[in-house]
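**Q** Here's a structure for you.
Every read-out reported here was derived from the displayed coordinates using simple, explicitly stated rules and does not represent laboratory data. Since the structure is predicted, the reported quantities are computational estimates derived from the model, not experimental observations. Every residue, glycine among them, receives a Cβ derived from its backbone with ideal geometry; neighbour counts consider all protein chains shown.
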Amino acid sequence: MKRTKIIDIFGGKAAVGTEVSVKGWVRTRRGNKHVQFVALNDGSTIKNLQIVFDMAQFDDEQLKPVTTGSAIHVTGILVESMGKGQSVEVQAKTLEIYGTADPEAYPLQKKGHTLEFLREKAHLRPRTNTFGAVLRVRSALAYAIHKFFQERGFFYLHTPLITASDCEGAGAMFQVTTLPLNDLPKTEDGAIDYSADFFGKQAALTVSGQLEGELGATALGAIYTFGPTFRAENSNTPRHLAEFWMIEPEVAFNDIADNMQLAEDFIKYCVKYALDNCRDDIEFLASMYDKELINRLESVLKDEFVRLTYTEGVEILEKSGKKFEFPVYWGADLSSEHERYLVEEHFKRPVILTDYPKEIKAFYMKQNEDGKTVRAMDVLFPQIGEIIGGSEREESYDKLLARIEELGIPMKDMWWYLDTRRFGTVPHSGFGLGFERLVLFVTGMTNIRDVIPFPRTPGNAEF
Ligand code: 4AD
Ligand code: MG
């Protein structure tokens with residue numbers, strides 16, 4: 001008999017009174033010598049299916065290996081449930097055991113575990129309610145992202161993971177090499193001879209697909225990337241990963257106002273998609289971790305995001321009278337306490353901050369007339385701080401070249417990028433959304449290590 005997923009059982013795809021075949025992992029078993037109840041989960045939904053074993057038809061010995069974490073196959077009749085908490089249950093006829101899970105050894109017994117404990121057990125934590133819910137929401141959001149862009153005529157562009165250019169200029173790149181580390185080839189002046197390396201030059205994992213994204217946008221009109229991104233910044237915070245996923249749309253002919261509207265529409269679409277399609281999981285997460293979660297998600301959909309310049313933002317912060325850990329003044333890079341003050345306390349809704357000082361932003365951003373600021377935009381969110389960073393791009397060859405030279409960026413790495421401004425240059429804009437920060441926001445989790453299956457952070461590459 002064909003297996004029915006538990007989500008389909010609760011979705012009414014199997015009729016009460018018919019025989020079903022279900023497979024999954026045992027969450028709990030309880031009962032007495034007359035009747036035993038097993039809560040079965042197969043990962044398709046947060047909900048467990050109750051399996052009822054009439055012990056007149058089964059041996060005690062048969063049920064002994066059915067412990068928390070074991071994998072079983074049950075056939076039986078789907079019946080309306082007498083107990084509260086579920087609409088239907090299965091009256092077991094046959095039991096097959098795929099794999100046992102020794103109760104002495106299996107770490108996920110039924111008592112609640114801390115998120116810290118579960119990080120040490122990242123190979124098994126997808127089997128918990130919390131991580132099942134987070135991973136299903138994550139998957140749905142990934143689908144929503146493709147759907148949003150595909151419905152709007154954007155093309156999915158695959159940008160390289162191995163690159164020789166540092167897009168953000170932050171020097172936080174992981175080097176990729178096949179050179180023998182204990183016997184490095186040297187040039188005459190004693191430097192490492194990268195011409196002997198695999199790519200014939202120094203290479204690294206990408207920090208952003210944007211530069212190649214611009215090549216795509218100035219050909220296809222509108223593209224998006226969605227892939228892994230690597231940053232060797234040694235920041236051990238609840239919002240930074242060394243390996244994270246980024247979505248980077250890039251659109252020819254868009255100015256910064258268009259870019260802001262795209263960012264706002266995009267995030268709202270994703271949040272709404274999750275609310276409409278992951279209700280059970282989000283309700284579970286709200287009940288466990290954050291009673292305000294659903295309100296917060298709904299209010300983001302309702303409110304128009306504030307648009308504010310950096311200069312205005314700094315004025316508000318200076319006048320706030322609030323003592324911040326890091327000082328705030330014009331020219332300072334804002335930290336998440338400043339961003340969250342604007343969003344959570346001052347405006348009480350998401351804020352898009354624009355026109356930052358050029359010194360604290362990347363070389364490619366469009367320079368404003370004032371000579372001091374660039375047409376950057378950061379989208380700031382409640383609980384998260386910066387969720388999106390983007391800008392209108394400098395389309396003038398001369399201005400871009402001047403900035404590259406001013407910052408001392410090696411030209412040998414940048415000639416191909418400058419060619420976009422030499423041949424048919426156009427105004428264009430784009431941004432990057434940190435996927436895990438979106439998942440954090442939607443799930444109400446508070447540590448970024450808990451919204452990616454296998455987090456990579458300084459000192460941690462287990463699993
Ligand atoms: O602000 P960032 O550095 O911008 C860029 O990389 C641009 N090239 C994007 C573009 O315009 N196409 O990064 C974009 C977003 C941030 O707003 C944040 O959400 C996320 O990526 N992010 C991180 N997420 C997790 N861990 C990290 N270490 C992150 N660094 C950035
Ligand atoms: Mg940024």
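**Q** From the list Phe423, Phe347, exactly one residue is farther than 22 Å from Gln210 by Cβ and out of contact with any helix residue (DSSP H, G or I) (no Cβ under 7 Å at 6 or more places or on another chain). Which is it?
**A** Phe347
**Q** Related question: Considering only residues that are assigned to a loop (DSSP other than H, G, I, E, B) and either within 16 Å of Cys270 (Cβ to Cβ) or of a type in the set (Ser, Thr, Tyr) (or both), which ones fall in the range 288-319?
**A** Once the filter is applied, which keeps residues that are assigned to a loop (DSSP other than H, G, I, E, B) and either within 16 Å of Cys270 (Cβ to Cβ) or of a type in the set (Ser, Thr, Tyr) (or both), the range 288-319 yields Asp303, Phe305.
**Q** Spot the failing condition for Asp419; the list is (1) of a type outside the set (Ser, Thr, Tyr); (2) over 25 Å from Phe154 (Cβ atoms); (3) free of Cβ contacts under 8 Å to residues at least 12 places away in the same chain, and only one is missed.
**A** (2)
**Q** Do we have any residue at all in the range 204-219 that's within 16 Å of ligand 2 (Cβ to nearest atom) and of a type in the set (A, V, I, L, M)?
**A** For the range 204-219, residues within 16 Å of ligand 2 (Cβ to nearest atom) and of a type in the set (A, V, I, L, M): present.
**Q** I've got another one for you. Quick test for you: out of Glu386, Glu394, pick the one residue that is within 10 Å of ligand 1 (Cβ to nearest atom), free of Cβ contacts under 8 Å to residues at least 60 places away in the same chain and touching a strand residue (DSSP E or B) at 6+ places or on another chain (Cβ under 8 Å).
**A** Result of the check over Glu386, Glu394: Glu386.
**Q** Another one. Could you check Leu407 against (1) surrounded by fewer than 14 Cβ atoms within 10 Å (Cβ to Cβ); (2) of a type in the set (A, V, I, L, M, F, W, C); (3) within 11 Å of ligand 1 (Cβ to nearest atom) and say which number it fails?
**A** It is condition (3) that Leu407 fails.
**Q** Can you pull out every residue in the range 196-234 that is over 26 Å from Phe149 (Cβ atoms), in contact (Cβ under 8 Å) with a residue 60 or more places away in the chain and touching a strand residue (DSSP E or B) at 6+ places or on another chain (Cβ under 9 Å)?
**A** Ala232
**Q** Can you work out which of the residues in the range 420-439 that are under 10 Å from the mean Cα position of the chain (by Cα) and within 16 Å of ligand 2 (Cβ to nearest atom) is farthest from Ala257 (Cα to Cα)?
**A** Residue satisfying both the conditions and the ranking: Glu436.
**Q** Now for a separate question. Tell me, yes or no, whether the range 203-215 has at least one residue that is among the acidic types (Asp, Glu), touching an Asp or Glu at 6+ places or on another chain (Cβ under 8 Å), farther than 22 Å from Glu386 by Cα and within 12 Å of ligand 1 (Cβ to nearest atom).
**A** Yes; the residues of the range 203-215 include at least one that is among the acidic types (Asp, Glu), touching an Asp or Glu at 6+ places or on another chain (Cβ under 8 Å), farther than 22 Å from Glu386 by Cα and within 12 Å of ligand 1 (Cβ to nearest atom).
**Q** If Tyr341 satisfies all but one of (1) among the aromatic types (Phe, Trp, Tyr); (2) touching a residue at least 60 places away in the same chain (Cβ under 8 Å); (3) under 30 Å from Leu275 (Cβ atoms), what's the number of the condition it fails?
**A** Every listed condition holds for Tyr341 apart from (2).
**Q** If a residue has to be away from ligand 2 (no atom under 16 Å from the Cβ), surrounded by fewer than 22 Cβ atoms within 10 Å (Cβ to Cβ) and in contact (Cβ under 8 Å) with a residue 24 or more places away in the chain to count, how many in the range 440-460 make the cut?
**A** Matching residues across the range 440-460 total 11.
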